[in-house]
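J.: Structure provided below as structure tokens; questions to follow.
The values are calculated or read from the model by the stated rules, or taken from the named source; none is laboratory data. Being a predicted model, the structure only gives us computed values, none of them experimental. Methodologically, a virtual Cβ is constructed for each residue, glycine included, from the backbone with ideal geometry; neighbour enumeration extends over all protein chains shown.
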2 protein chains.
Amino acid sequence: MAFIMNQKLNKWDKTGQDAEARIGTFTTKHGQFSTPNFMPVGTKASVKGVDTERLEECGAQIMLVNTYHLWLRPGSEQVHKMGDIHKFASWSGPILSDSGGFQVFSLSGIRKLSEQGVEFRSHIDGTKMFLSPEKSIEVQEELGVDIAMVLDECPAATYTEKQASDSLDLTIRWAKRSLDARKNSDTAIFGITQGICFKDLRTKAAAELGAIDFDGMAIGGLSVGEEKEKMYDVLSYHPQQLPAEKIRYLMGVGTPRDIVEAVRNGVDLFDCVMPTRSGRFGRAFIKGDEPYLNIKNARFADLDKPLDHSCSCLACRRYGVGYIHHLFKVDEMLGPILLSIHNLKHYLDLMGEIRSCIKSGTFETLYNSIKNSWLHVSLGSNENESE
Amino acid sequence: MAFIMNQKLNKWDKTGQDAEARIGTFTTKHGQFSTPNFMPVGTKASVKGVDTERLEECGAQIMLVNTYHLWLRPGSEQVHKMGDIHKFASWSGPILSDSGGFQVFSLSGIRKLSEQGVEFRSHIDGTKMFLSPEKSIEVQEELGVDIAMVLDECPAATYTEKQASDSLDLTIRWAKRSLDARKNSDTAIFGITQGICFKDLRTKAAAELGAIDFDGMAIGGLSVGEEKEKMYDVLSYHPQQLPAEKIRYLMGVGTPRDIVEAVRNGVDLFDCVMPTRSGRFGRAFIKGDEPYLNIKNARFADLDKPLDHSCSCLACRRYGVGYIHHLFKVDEMLGPILLSIHNLKHYLDLMGEIRSCIKSGTFETLYNSIKNSWLHVSLGSNENESE
């Protein structure tokens, strides 16, 4: 495997009317993706219930996989033996992997943090394991991803500013070690800012990490349970603190509302389990005043119309709402499959609409319309999970 | 809804070399299907994990749905309100429904049998319900299926010959009532023989039910737990006892070995949960000496080849065996989806091969090859279940 990550091809076209919103292209050895864009989450090298042909059909341009989960099973060595993650998962386009940090720091009470890295026990069989910035990059390069993320410490929401500051310093030291650990110049590596919702810390993170020669910058530690307003406050200043010439990725976010909010502030890339997880639970995202339907609601039992006439996904082109309602009522696995596909298509269509509106200078109208449809609904704020 | 069931278009071409094996075409208002053929089982109007586009892609020509399950949820009235079962399930080809009898007689201890019909309690909410031959046909016609099955009594394997004989007499009386209950001349109705493995009873069933003006004849009560040899014994004489000019459908059977055995004895149509259920449990049917693989076996962990090079299904054209193994090890729903699709394609390809071999006079070679590959393996004999 040899990747060519041609960063010089990245183009950022910023229009005056659209606040900080911008469009662009990011090029990897496995092709380009347009920004703003959304990455379907394939935690264990599979977007739950959605095969890669359907994923292509939904218009996905890049997918995300999870280093922690794939390191444990089947193992990066095993994936490498069968070619690489692209061949393994049958996805020929760009693939980004997270560093595994978020999962390790989510394991309660079974980890030991040191300057060197983090010791933890596998959630599968209790095996003692050690993840360091170097190990994370090694695993990601062995998987053969196009974009690897640095290992960061994910601070608890309860951290004081002092604790969060110490944590950020460690994250910065780890970020440098991560970059130094790169063996394959074709692997793009993104830095990650932390600092919870402390403006001073976010500002410092942006300055210090932004000065390092990363191929892109990510914003971590948001949408992990904090109030929406706090996240929106960080979004109001933080993305613009990151180098304008680098791609900006907001990790694990979010609802369509969150996405337009972030795009408006200059964010280019997203991932979230929301479309698939919501789909499995019977939630269908739609256009218009009502942002989503609970498909199990009795009012949908005999509706023979598609979820969304303007949507070309499998669910909308073949089935009526009443049938999908039925599938959920009788626990047929086709129900979660159809809504996962539909929601992914909804998200990816939204990203296309965002790009085209930024291009034509009409993003603000789209932003307002989505903001208004979400004014009185909430899906909770703890979206940042792997699945 | 108006169906045109043109039975005059049924053609049966029997070749001398191939024992009783025969090819043909059955025409319904929703198109034709070639025989011998296999119906994927969509118990609750969904073939588990397989959308109807994939089903078409697998080469399915006709699908089966379950009257009992659809009567309970969403209700035949509800389906009718949204058009019919074709529109509801998004399947434009022929659809056959069973009568619901098998399910009702499988409910343990909560049914009351009379000349009129059978009283039972819904397995969903305990509601008292009554199924009669007339009610079953009414529900099936309300669903709008192309082929309806008569309500039969499904005798317990422990019945004495006398009990089985009384049961068969009731089944014959019910069969006549079922046919009389037809309101829509476009609905094809198939009779069903019973008689467990008693030759006298099967012979009587064939004579008496074969004399009634059904559009096709089904063999019920096999593959319900009896030994394979007993089933093969019935198959050795019973299909030929049925009118040669009518389609012969062996209900709920079976393995590829069972299918070639039955085709060789003049059976034309099959349904079974085996390909999808086996797929969900990690069993992949393949060609060659080893008739199926247990995908969870460690020896498949790093195999990057497709399950079957000659198979064009989604699983085989996109993924390696090692990846599908991984999906099962980490409980990803895509694993069961891929093997369900693969196994259906395997079955439907087999039916195509059977038809082409009968046509070219080489069926006996195919029969022997499949028989030999199954000589030392068994999947159990209780395949006749809805799912």
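J.: Considering only segment B:330-361, state which residues are touching a residue at least 12 places away in the same chain (Cβ under 8 Å) and surrounded by fewer than 18 Cβ atoms within 10 Å (Cβ to Cβ).
T.: Selection gives B:Gly352, B:Glu353, B:Lys359, B:Gly361.
J.: Can I ask one more? Kindly provide the set of residues from segment B:242-267 that are under 16 Å from the mean Cα position of the chain (by Cα) and farther than 30 Å from B:Leu338 by Cβ, ordered by number. Give the derivation first.
T.: Here is the first cut: in segment B:242-267, the residues under 16 Å from the mean Cα position of the chain (by Cα) are B:247-263, B:266-267.
Within segment B:242-267, B:Ile247, B:Arg248, B:Gly266 meet the criteria.
J.: Can you name every residue in segment A:91-102 that is more than 10 Å from every other protein chain (Cβ to nearest Cβ) and closer than 14 Å to A:Ala60 by Cβ? Reasoning before the result, please.
T.: First, the residues of segment A:91-102 that are more than 10 Å from every other protein chain (Cβ to nearest Cβ): A:92-102.
Answer for segment A:91-102, where residues must be more than 10 Å from every other protein chain (Cβ to nearest Cβ) and closer than 14 Å to A:Ala60 by Cβ: A:Ser92, A:Gly93, A:Pro94, A:Ile95, A:Leu96.
J.: Also: So, in segment A:278-306, of the ones that are farther than 19 Å from A:Glu57 by Cβ and among the small types (Gly, Ala, Ser), which residue ends up farthest from the other protein chains (Cβ to nearest Cβ)?
T.: A:Gly288
J.: Given the conditions (1) out of contact with any Asp or Glu (no Cβ under 9 Å at 6 or more places or on another chain); (2) buried (at least 21 other Cβ atoms within 10 Å of the Cβ); (3) modelled with pLDDT under 95, which single one is not true for A:Arg257?
T.: The one condition A:Arg257 does not meet is (3).
J.: Can I ask one more? Give segment A:199-241 a look and list any residue that's assigned to a loop (DSSP other than H, G, I, E, B), at pLDDT 95 or above, farther than 19 Å from A:Phe38 by Cα and within 20 Å of the chain's Cα centre (by Cα), or say none.
T.: A:Phe214
J.: Contact list please: Cβ distance under 6 Å, first residue in segment B:76-90 and within 7 Å of chain A (Cβ to nearest Cβ) and more than 14 Å from B:Glu141 (Cα to Cα), second residue of a type in the set (Val, Ile, Thr) and buried (at least 21 other Cβ atoms within 10 Å of the Cβ), pairs at least six apart or on different chains.
T.: These pairs meet every condition: B:Phe88/B:Val79; B:Ser90/B:Thr52.
J.: Same structure again: When you scan segment A:73-110, how many residues do you find that are part of a helix (DSSP H, G or I), of a type in the set (A, V, I, L, M, F, W, C) and modelled with pLDDT of 95 or more?
T.: So the count comes out to 4.
J.: Let me ask you something else. So B:Leu348 fits all but one of (1) away from chain A (no Cβ under 12 Å); (2) within 18 Å of B:Pro40 (Cα to Cα); (3) touching a helix residue (DSSP H, G or I) at 6+ places or on another chain (Cβ under 8 Å); what number is the exception?
T.: Condition (3) is where B:Leu348 drops out.
J.: Take the residues in segment B:307-323 that are facing chain A (nearest Cβ under 10 Å) and under 28 Å from the mean Cα position of the chain (by Cα), then tell me which one is surrounded by the fewest Cβ atoms within 10 Å (Cβ to Cβ). So that I can check it myself, show each step before the final result.
T.: Residues of segment B:307-323 facing chain A (nearest Cβ under 10 Å): B:314-315, B:317-323.
If we keep only those that are under 28 Å from the mean Cα position of the chain (by Cα) too, we end up with B:314-315, B:317.
Working: B:Leu314: 22, B:Ala315: 27, B:Arg317: 11.
The extreme case among them is B:Arg317.
J.: Same structure, new question: Name every residue in segment B:156-173 that is surrounded by fewer than 24 Cβ atoms within 10 Å (Cβ to Cβ) and either in contact (Cβ under 8 Å) with a residue 60 or more places away in the chain or not aliphatic (A, V, I, L, M) (or both), in order of residue number.
T.: B:Ala157, B:Thr158, B:Tyr159, B:Thr160, B:Glu161, B:Lys162, B:Gln163, B:Ser165, B:Asp166, B:Ser167, B:Asp169, B:Arg173
J.: Within segment A:364-384, is even one residue surrounded by fewer than 19 Cβ atoms within 10 Å (Cβ to Cβ) and within 11 Å of another protein chain (Cβ to nearest Cβ)?
T.: No, because not a single residue in segment A:364-384 is surrounded by fewer than 19 Cβ atoms within 10 Å (Cβ to Cβ) and within 11 Å of another protein chain (Cβ to nearest Cβ).
Yes/no matrix, rows are residues, columns are (1) among the aromatic types (Phe, Trp, Tyr); (2) assigned to a loop (DSSP other than H, G, I, E, B); (3) in contact with a strand residue (DSSP E or B) (Cβ under 7 Å, 6 or more places away or on another chain); (4) more than 21 Å from A:Val253 (Cα to Cα):
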{"residue": "A:Phe270", "(1), (2), (3), (4)": "yes, no, yes, no"}
{"residue": "A:Ala284", "(1), (2), (3), (4)": "no, no, yes, no"}
{"residue": "A:Lys287", "(1), (2), (3), (4)": "no, yes, no, no"}
{"residue": "A:Gly335", "(1), (2), (3), (4)": "no, no, no, yes"}
{"residue": "A:Leu339", "(1), (2), (3), (4)": "no, no, yes, no"}
{"residue": "A:His342", "(1), (2), (3), (4)": "no, no, yes, no"}
{"residue": "A:Arg355", "(1), (2), (3), (4)": "no, no, yes, no"}
{"residue": "A:Asn368", "(1), (2), (3), (4)": "no, no, no, no"}
{"residue": "A:Lys371", "(1), (2), (3), (4)": "no, no, no, no"}
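J.: Just a yes or no: is a residue in segment B:58-69 facing another protein chain (nearest Cβ under 9 Å) and not in a loop (DSSP other than H, G, I, E, B)?
T.: So the first thing to find is which residues in segment B:58-69 are facing another protein chain (nearest Cβ under 9 Å), and the list is B:69.
With the extra rule that they be not in a loop (DSSP other than H, G, I, E, B), the set shrinks to B:69.
Yes: segment B:58-69 contains one or more residues that are facing another protein chain (nearest Cβ under 9 Å) and not in a loop (DSSP other than H, G, I, E, B).
J.: What residue, of A:Lys48, A:Lys44, is assigned to a loop (DSSP other than H, G, I, E, B), in contact (Cβ under 8 Å) with a residue 24 or more places away in the chain, more than 19 Å from A:Glu142 (Cα to Cα) and not small (Gly, Ala, Ser)? Don't jump to the end; show me each part of the working.
T.: Numbers: A:Lys44 fails: more than 19 Å from A:Glu142 (Cα to Cα).
Among A:Lys48, A:Lys44, only A:Lys48 is assigned to a loop (DSSP other than H, G, I, E, B), in contact (Cβ under 8 Å) with a residue 24 or more places away in the chain, more than 19 Å from A:Glu142 (Cα to Cα) and not small (Gly, Ala, Ser).
J.: Shifting gears a bit: Taking B:Phe33 as meeting all but one of (1) part of a strand (DSSP E or B); (2) out of contact with any helix residue (DSSP H, G or I) (no Cβ under 8 Å at 6 or more places or on another chain); (3) within 14 Å of chain A (Cβ to nearest Cβ), write down the number of the exception.
T.: That leaves (3) as the condition not met.
J.: Further question on the same structure: If you take the residues of segment B:44-57 that are within 24 Å of B:Gly352 (Cα to Cα) and within 15 Å of the chain's Cα centre (by Cα), which of them is farthest from the other protein chains (Cβ to nearest Cβ)?
T.: Residues of segment B:44-57 within 24 Å of B:Gly352 (Cα to Cα): B:46-57.
So of that shortlist, the ones also within 15 Å of the chain's Cα centre (by Cα) come out as B:46-48.
Numbers: B:Ser46: 4, B:Val47: 8, B:Lys48: 6 Å.
Per the stated criteria, the residue is B:Val47.
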